1. Among the residues of the stretch 357-374 satisfying the criterion of being out of contact with any Phe, Trp or Tyr (no Cβ under 7 Å at 6 or more places or on another chain), aliphatic (A, V, I, L, M) and modelled with pLDDT under 80, which is nearest to residue 327 (Cα to Cα)?
2. Among the listed residues 176, 190, 252, identify the single one that is farther than 30 Å from residue 309 by Cβ, at pLDDT below 95 and under 22 Å from the mean Cα position of the chain (by Cα).
3. Determine whether residue 290 is buried (at least 20 other Cβ atoms within 10 Å of the Cβ), outside any loop (DSSP other than H, G, I, E, B) and not assigned by TED's automatic domain parsing to the domain that holds residue 56.
4. Can you find, within the stretch 31-51, the residue that is farthest from the chain's Cα centre (by Cα) among those that are surrounded by fewer than 17 Cβ atoms within 10 Å (Cβ to Cβ) and closer than 19 Å to residue 69 by Cβ?
5. Need a quick list: helices (runs of 4 or more DSSP H) entirely within the stretch 145-227 having at least 2 residues that are closer than 18 Å to residue 73 by Cα.
6. How do the pairs read when you match residues in the stretch 45-71 that are more than 19 Å from residue 237 (Cα to Cα) with residues anywhere that are in a loop (DSSP other than H, G, I, E, B), using Cβ under 6 Å and keeping only pairs 6 or more apart or on different chains?
7. Hydrophobic (A, V, I, L, M, F, W, C), in contact (Cβ under 8 Å) with a residue 12 or more places away in the chain and under 27 Å from residue 100 (Cβ atoms): which single residue out of 273, 233, 265 fits that description?
8. Just the residues that are closer than 14 Å to residue 250 by Cβ and within 22 Å of the chain's Cα centre (by Cα), please, taken from the stretch 264-288.
Amino acid sequence: MNKQQQIDELLSRGVTEVINKEELRSLLLGKKKLRVKLGIDPTSPNIHIGRAVVLWKLRAFQELGHKIVFIVGDFTGLIGDTSDKDSERPMLTEAQVKSNLKSYLTQAFKILDKTKTETHFNSKWLKKLGLAEIGSMANLFGLHEFEARENISKRMKAGKRVSLRELLYPLMQGYDSVAVKADVELGGTDQRFNLLAGRTIQPAYGQTPQQILTTELLEGTDGRKMSSSWGNVVNLLDEPKDMFGKIMSISDELIEKYFTLATRVSLKEIEAVITKNQNPRDQKLVLAERITALYHGDKKASEARTHFISQFSKKELPSDIPTVKITPGNYQLTELLLMAKLVASKSEARRLIEQKGVRINGEVAPSQSVTIGKQNNLLLQVGKRKFVTIK
């Protein structure tokens, strides 16, 4: 693609809104090197491919020669962004945030060119803000603007608590733009209010309001918005076989969207793949291999494809099923799943059981009570990819 075509795709593929589109297009066609900003809060240890949608868009700016500014929100992560939540986000501790962010830059650099990326932790400047400066920024906004946000409006109408802390978050994200002198900021559609906050605050510091580009949100393996708190994620650090298998589990309706948002396959090639492979399973095999190759390379992606076809299409069991020894007796199935480390919590176990996602010796688990005998072995399976032999 030539530069004009690159810009056209940058401003349209997976994009929901650009403020201001023609102005940004003009800037991209010019000679000025733009400072393009993205911040991610380490609310969990992993970056998933839903968050990677914006990182790949950031990479596209980088390939056009612009300066990428990647911010790890070690301070905003403490405050908690309520943009995509229907209830108050719990405050994290400094220890939790510190633990979560250990490999954030490593994960981001699976996508971004490390040598051409400027990185920051926003505690560097946000910890220094005093009440006078926070008050001046707060004066730029009205409470009615915050209340007008759809998720906040729903919570207030339902009588749910909205903390004053949540009102501070957009100010902090907006100030990030001031601190790094951002010309452009990227984010998902759920970030629109926070991105606009940067445009409001920057002029108060003598800066030109940043351009804004928002991208579509990617659904997770269960059809809801991809979110670490829901566990429906495909993480950048997932093992190739797990990543491949998760992609194969998405609904058929999401195939084209995943191609568009989660791969770098050209739009022309995506159309060809969809047209050539009428069976959704075949389309997903191509999709899963392309996504896995992005993060693990072509060889491991090919191996993951072979493994999937062998294990699931031919109904073969993996050869490396781990064994867990458990004292004979009667156990609740939720308890057994936890002991076998197949789930992270009893609530996750209950959800999987209700969805008939748990099998014992190949059969859907019929009840909550399981008996472990002295002689018999049980093959415990969660979903399509997790197996444990109980002895």
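The values are calculated or read from the model by the stated rules, or taken from the named source; none is laboratory data. Please read these numbers as outputs of a predicted model, since none were measured by experiment. Neighbour counts run over all protein chains shown; Cβ positions are idealised from the backbone, glycine included.
1. Result: 360.
2. On the way: 176 fails: at pLDDT below 95; 252 fails: farther than 30 Å from residue 309 by Cβ.
The conditions single out 190.
3. Numbers: buried (at least 20 other Cβ atoms within 10 Å of the Cβ): yes; outside any loop (DSSP other than H, G, I, E, B): yes; not assigned by TED's automatic domain parsing to the domain that holds residue 56: yes.
Criteria met by residue 290.
4. That would be 32.
5. Details: elements: 150-157, 164-180, 192-201.
Result: 164-180, 192-201.
6. That search, which allows pairs on different chains as well, returns 62/113; 66/33; 66/34; 67/33; 71/122.
7. On the way: 273 fails: under 27 Å from residue 100 (Cβ atoms); 265 fails: under 27 Å from residue 100 (Cβ atoms).
Sole residue among the options that is hydrophobic (A, V, I, L, M, F, W, C), in contact (Cβ under 8 Å) with a residue 12 or more places away in the chain and under 27 Å from residue 100 (Cβ atoms): 233.
8. Answer for the stretch 264-288, where residues must be closer than 14 Å to residue 250 by Cβ and within 22 Å of the chain's Cα centre (by Cα): 284, 285, 286, 287, 288.
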